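Inspection log for the structure reproduced underneath, given as structure tokens.
The values are calculated or read from the model by the stated rules, or taken from the named source; none is laboratory data. Just so it is clear, the model here is predicted, and its values are computed rather than measured. Virtual Cβ from ideal backbone geometry, glycine too; neighbours counted across all protein chains shown. When the accessible area is computed, the model is the full protein with side chains, heavy atoms only, and any ligands, DNA or RNA have been set aside. Shrake-Rupley method; radii C 1.70, N 1.55, O 1.52, S 1.80 Å.
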Amino acid sequence: MIAAKAGESRAALTLFATPKRFDGHIGVIQRNAIQSWARMSPRPDIILFGHEPGTAEIAAEFGFRHIANVKCNQWGTPLISDLFDQAEKLGQGQVLSYVNSDIILLNDFAQALTRVAERSNHFLMVGRRTDLEIKDTIDFESDWVTEVRSRARREGKLQIARSIDYFAFSRGLYPSIPALAIGRFWWDNWLLWKARSLHAQVVDATRAVLVIHQNHDYSHTTYGPSKEEMMASEECILNARLTCEENPGDYEQGFFWRYAYTIDDATHRLTSAGIEKNPRRLWKQFKRYSSRPLGMAKLIRRRFVHPQPKAEKIVAESRR
């Protein structure tokens, strides 16, 4: 496990999340996920953010810390900038991890983090999730780990590298984050791009960690049950624009894709044999640019013919 420094009693890992309303099916699977975190050994420091109905109650039930006040955008969606900033200040762990509140974690998560943290003190660990249909409350008094693992092997579907449901990182990795809305697309891809731009060791732990995503629709949002409806919303469009914060002209000029990194962009991967370089990142970068020849031509022209000024402040309304 991630070892605490001599004389320290604090937890080695801080997990933080911002749950949705604990209603219906989304309430069931969030409760499953959160209970799985509480049963990890050693137990992490867990912080639940937000004031959605049920969050304070489940935090009290399991002895977690609850922080109700989180900065939100004009649509009332929590901002990852504030979530990560508060977690950095309040977290007791040497390593922090944001986790989506529908994700079941097992002990292999902390074991993988130990191996990554021993290798680097400037890192981000991510990994692909396994989708699984779970409709009911898990019986945590049974041999639930064996049962869930077995079901995931038989029925689970390994998701694509574009979906990123947890970010486990060393303290201080993210000095600043734009006002991206949680759960509204593109924020997760930006976090991976940012870690790469900061020359962190980005590790794909897919082969070492079983991360279980409990399937659900998007009826908990105001946009309807499908991803397509949410992606077309003003809120998601603003998130896409904000990913170009360091180069504001990129959104208008169609270069937003430059910041949409995926797990395939990890510099390294964690396997049973250890941490090794990830050759797939080179193919991913080649594919990203070679599939957009017109975009490449525009970038070359901009670089050498019309160089861009330094980044200005991004979208005033996002700061409200």
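With respect to the conditions (1) under 30 Å from Glu234 (Cβ atoms); (2) assigned to a helix (DSSP H, G or I); (3) open to solvent by 20 Å² or more (accessible area, probe 1.4 Å), Val70 falls short on a single one, namely (2). Of the residues making up segment 284-320, those that are within 23 Å of the chain's Cα centre (by Cα) and modelled with pLDDT of 70 or more are Lys284, Gln285, Arg288.
Within segment 159-182, restricting attention to residues that are touching a Phe, Trp or Tyr at 6+ places or on another chain (Cβ under 9 Å) and of a type in the set (Gly, Ala, Ser), which residue is nearest to Lys89 (Cα to Cα)? The residue in question is Ser170. Applying the condition of being of a type in the set (A, V, I, L, M, F, W, C) and open to solvent by less than 10 Å² (accessible area, probe 1.4 Å) to segment 210-242 and asking which residue is modelled with the lowest pLDDT yields Met230. Consider segment 35-55 and keep the residues that are under 29 Å from Leu238 (Cβ atoms) and out of contact with any Lys or Arg (no Cβ under 9 Å at 6 or more places or on another chain). The one that is least open to solvent (accessible area, probe 1.4 Å) is Phe49.
Scan Ala68, Ala87 and give me the residue that is at pLDDT 95 or above, of a type in the set (Gly, Ala, Ser) and in contact with a His (Cβ under 7 Å, 6 or more places away or on another chain).
Every option except Ala68 fails the conditions.
Among the residues of segment 123-148, those that are more than 17 Å from Arg269 (Cβ to Cβ) and not β-branched (Val, Ile, Thr) comprise Asp131, Leu132, Glu133, Lys135, Asp136, Asp139, Phe140, Glu141, Ser142, Asp143, Trp144, Glu147.
Just to verify a result, which residue in segment 17-34, among those that are more than 14 Å from Trp144 (Cβ to Cβ) and charged (D, E, K, R), is most open to solvent (accessible area, probe 1.4 Å)? Looking at residues that are more than 14 Å from Trp144 (Cβ to Cβ) and charged (D, E, K, R), I get Arg21. Filtered by the rule that a residue be of a type in the set (A, V, I, L, M, F, W, C) and open to solvent by less than 80 Å² (accessible area, probe 1.4 Å), segment 130-159 gives Leu132, Ile134, Ile138, Phe140, Trp144, Val145, Val148, Ala152. Among the candidates Ser197, Ser163, the residue that is at pLDDT 95 or above and among the polar types (S, T, N, Q) is uniquely Ser197.
May I ask you to say which residue of Gln94, Gln111 is closer than 21 Å to Pro175 by Cα and open to solvent by 20 Å² or more (accessible area, probe 1.4 Å)?
Being closer than 21 Å to Pro175 by Cα and open to solvent by 20 Å² or more (accessible area, probe 1.4 Å) holds for just one of Gln94, Gln111, which is Gln94.
Residue pairs whose Cβ atoms lie under 9 Å apart, separated by 6 or more positions or on different chains, with the first residue in segment 272-286 and touching a residue at least 60 places away in the same chain (Cβ under 8 Å) and over 16 Å from Leu192 (Cβ atoms) and the second in a helix (DSSP H, G or I) and open to solvent by 80 Å² or more (accessible area, probe 1.4 Å), are Gly274/Arg115; Gly274/Arg119; Ile275/Arg115; Ile275/Arg119.
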